[in-house]
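Asks: For reference, the structure I am asking about is given below.
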Amino acid sequence: MIKEFRTFIAQGNVLDLAVGVIIGAAFGKITTSLVEDILNPIIGLILPAGDLAQAKIVLKEAVGTEPEVAIRYGNFLNIVIQFLIVAWVIFLIVKAANRLKLSSSAEAK
C-alpha cells in the first residue's frame, strides 16, 4: 500500500492538484476583491442602500441586547456574483484547453 502511495505521488497528480488549489485560492481572493472593491460600489450607486454588501430586509429591529434579525440579500448577491465570475473564467480556461487539444490532435494526423 505504501508503494502504491509513493507511485501515486510520483505521477504528478498530487503536485498538479496542489498547484491548482493554491492558484484557485489566490484567484478566489482576486475575485472577492473585484466584487467587493470594484463592482459593489458601482452597483451601490444604483441601490438606495448605497452598498450592495449592506443591502438587507430587516425582519425585526434590534431591541436592547437582542440583535437585529435581517435577510442579508446583498451579501448573498456578492457570493453569487463571485461564483459566476469564477465559473465564467473556468469555462473560458476549459474552452481554450479543448481548443488546444483539438488543434494538436489535428496536427498529429
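Bear in mind that the values in this text are calculations on the coordinates, not laboratory data. What you see is a predicted model, and the numbers here were worked out from it, not measured in a lab. Backbone-built Cβ (ideal geometry, glycine too); neighbour counts: all protein chains shown.
Asks: Along each of the three principal axes of the Cα atoms of the chain, give the extent in whole Å, ordering the values from largest to smallest.
Replies: For the chain, the Cα extents along the three principal axes come out at 69, 40, 19 Å.
Asks: Set the Förster distance to 41 Å, then compute FRET efficiency between Ile2 and Ile23 from the Cβ-Cβ distance, nearest 0.05.
Replies: Approximately 0.90, to the nearest 0.05.
Asks: If R₀ is 30 angstrom, what is the calculated FRET efficiency for the pair Ile93 and Ile42, using the beta carbon separation as r and rounding to 0.05?
Replies: Using R0 = 30 Å, I get an efficiency of 0.70.
Asks: Looking at the chain as a GNM with Cα springs under 10 Å, which of Asn75, Asn40, Asn98 has the largest mean-square fluctuation?
Replies: Comparing Asn75, Asn40, Asn98 in the GNM, the peak value goes to Asn98.
Asks: As I understand it, the value is the acute angle between the Cα axis of helix 73-108 and the longest principal axis of the Cα atoms of the chain; what does it come to in degrees, rounded to 10?
Replies: Between the helix axis and the principal axis of the chain, the angle is about 20 degrees.
Asks: Distances longer than 19 Å among the Cα atoms of segment 50-109: what percent of all pairs is that?
Replies: Looking at segment 50-109, the distances longer than 19 Å represent 60 percent of pairs.
Asks: Same structure, new question: Please work out how much length the chain gains when fully extended from Lys101 to Asp16, using 0.36 nm per residue of separation minus the C-alpha to C-alpha distance, in nm with one decimal.
Replies: The Lys101-Asp16 span can extend by a further 28.8 nm.
Asks: Between Ala55, Ile38, Asn98, whose Cα lies farthest towards the positive end of the dipole of segment 2-108 when Lys and Arg beta carbons carry +1 and Asp and Glu beta carbons carry -1, centred on the Cα centre?
Replies: Asn98
Asks: Taking the 0 to 90 degree range and rounding to the nearest ten, how far is the long axis of helix 13-33 tilted relative to the main principal axis of the chain, both from C-alpha atoms?
Replies: Helix 13-33 sits roughly 30 degrees off the main axis of the chain.
Asks: Right, here's the next one. Pulled fully out, how much extra length does the chain show between Thr32 and Ala70, if you take 0.36 nm times their separation in residues and subtract their Cα-Cα distance?
Replies: So the chain would gain 11.4 nm between Thr32 and Ala70.
Asks: Which ³J(HN,Hα) values in Hz, rounded to whole numbers, follow from the phi angles of segment 51-56 under the Karplus curve 6.51 cos²θ - 1.76 cosθ + 1.60, where θ = phi - 60° and Gly and Pro get x?
Replies: 9, 4, 4, 8, 5, 7
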